[in-house]
Structures are given as C-alpha cells and as structure tokens.
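A short reminder: the numbers here are calculations on the coordinates, not readings from a lab. Quantities reported herein were computed from a predicted structural model and do not represent experimental measurements. Cβ coordinates were reconstructed from backbone atoms using ideal geometry, including for glycine residues, and neighbour counts include every protein chain displayed.
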Amino acid sequence: MNRLINFLEQLKLNNNKEWFEANKNTYLECKFNFEKIVQEIIIGISKFDKAILPTYDAKKCVFRIYKDVRFSKDKSPYKTNFGASINPGGKRSLIAGYYLHIEPNNSFIAGGVYMPIPEHLAAIRQEIDYNSSQLLKIFNSKGFKAFFNGFDEIDKLKSAPKNYDKNHPHIKLLKNKHFTFSSHLTNKMILNKNFVSNAIERYKSLYPALVYLRNAVEK
C-alpha cells in the first residue's frame, strides 16, 4: 500500500498523460495490488453477507482511473484515487452495497445507496416513515456507532419531501437524497498490516443498515 499511496501522491502533482504513460508500469503494479486487497475484502464480506459471492471478480468491482472530462471544468485526465464498489449485481447495481476509496489523506470506507432511482428513494423514505425504530436501533448499536454516525450529511432537501409533514419526528432522515454511510481512514490505517481485517470489521458493522435499505426496496 505504501507504493500505491506514493503513486497517487505523485499523480496528483503530475496529472497529465505524459507523466502517466512514463509511470504506467507503476500504475499497473498498484492496480494489481489494489485488486488483490479488494478480492480479500470480497471474501471477508461474503462470510456474513450471503448476497456477496466469494467468487466475485475484484477486477469487475474496481473503477477505472481514467476520468470522463466531457462535462467537467476540471480537465485533468486521471482520478487521484483507487475505488471499488462491492455490490450484489455488480458495481453499477442499484442495490445497497459496499465501497472502498483509497486516496492520500482522503480515504474512507462506505456503503449504502447513492442517488437512488425515484422508486427506491420513495420506498426508503416510506420505510423510514413506517419503521424508523428498526433503523434507529441499528444506528444506536455498539458495532455501528464504533465506526459510523448515521447517514452522511450530504446534499439534503431544504424542506420536507412531498407528502411528508415538516414536523415529522424523523424529518431529518427523510430529507436525505442519498442513503450512504462513511468512515474516514487515515494513511496510517491504510498502511497497517491489519488493514484488510479492519476494513472487513467496519463493513460487517454496516451490514444491518444495508439489509434495512435492501428490504425497503424489495417490499
């Protein structure tokens, strides 16, 4: 992981095709090592989450490092992170799953549903409305609280969603547009020899919340 972090630090300073091509072999080595880590995590997750198969191919979970700059003001061609999504149905799946983001000084473990389609968004809000006690029980559990603090506070509605009272007791939860959770990782944590097992422990603590979200859209 040390080599991976160093590569990403240098890429951030030299985000251009010439430098990247000159260091392509280092990139491929780092990508291979990242995929190995993701494969170990997949196997670990599959032991408690039967929707994740241990035979999932890490290569299909890892996102490309090449950016799509067509609609971006930032035209730098490469991402400065390695990311992987471990989901039932693949990395583009709409089902609540797991995410790993490795970036110098900005790494994190995450999970949940980002930008749910309208039907899923409505279903999750309805589940929170009807069955908030189960969600709050998960949020208040010792395992969950050790690493996470409820839904991420990002891009929320400013007013109550349609058909919900602004005085609803759980209006703060209902205002979410995304239902994601994240836990920050320091560089020291990433470089720790027990990183994979520590990551799996965090994912395991997140699992009940993902089941809650999955069940909401499957009803």
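Taking first residues from the range 51-63 that are more than 27 Å from Lys79 (Cα to Cα) and partners that are among the charged types (D, E, K, R), the Cβ contacts under 9 Å between residues at least 6 apart in sequence or on separate chains come to Ala51/Arg214; Pro54/Lys47. Here the helices (runs of 4 or more DSSP H) wholly within the range 106-154 that include at least 1 residues being touching a Ser or Thr at 6+ places or on another chain (Cβ under 7 Å), in contact (Cβ under 8 Å) with a residue 12 or more places away in the chain and of a type in the set (Phe, Trp, Tyr) are 142-145. Given the criteria of a type in the set (Asp, Glu), farther than 27 Å from Leu4 by Cα, surrounded by 14 or more Cβ atoms within 10 Å (Cβ to Cβ) and over 20 Å from the mean Cα position of the chain (by Cα), does Glu119 qualify? It is false that Glu119 is of a type in the set (Asp, Glu), farther than 27 Å from Leu4 by Cα, surrounded by 14 or more Cβ atoms within 10 Å (Cβ to Cβ) and over 20 Å from the mean Cα position of the chain (by Cα). Go through the residues of the range 205-219 one by one and say whether even a single one is farther than 21 Å from Gly44 by Cβ, under 20 Å from the mean Cα position of the chain (by Cα) and assigned to a loop (DSSP other than H, G, I, E, B). No, because not a single residue in the range 205-219 is farther than 21 Å from Gly44 by Cβ, under 20 Å from the mean Cα position of the chain (by Cα) and assigned to a loop (DSSP other than H, G, I, E, B). Looking across the range 181-198, the residues that are in a helix (DSSP H, G or I) and farther than 15 Å from Glu103 by Cβ come down to Val196, Ser197, Asn198. Among the residues of the range 67-94, those identified as in a loop (DSSP other than H, G, I, E, B) and either acidic (Asp, Glu) or closer than 20 Å to Lys36 by Cβ (or both) are Asp68, Asp74, Lys79, Asn81, Asn87, Gly90, Lys91. Out of Phe144, Phe108, Phe151, which single residue is closer than 30 Å to Phe7 by Cβ, surrounded by 13 or more Cβ atoms within 10 Å (Cβ to Cβ) and aromatic (Phe, Trp, Tyr)? None of the others qualify; the one that does is Phe108. Scan (1) among the acidic types (Asp, Glu); (2) under 19 Å from the mean Cα position of the chain (by Cα); (3) within 22 Å of Thr186 (Cα to Cα) for the single condition Glu9 breaks and write down its number. Condition (2) is where Glu9 drops out. The residue that is surrounded by the fewest Cβ atoms within 10 Å (Cβ to Cβ), among those in the range 69-105 that are of a type in the set (Gly, Ala, Ser) and closer than 18 Å to Ala58 by Cα, is Gly89.
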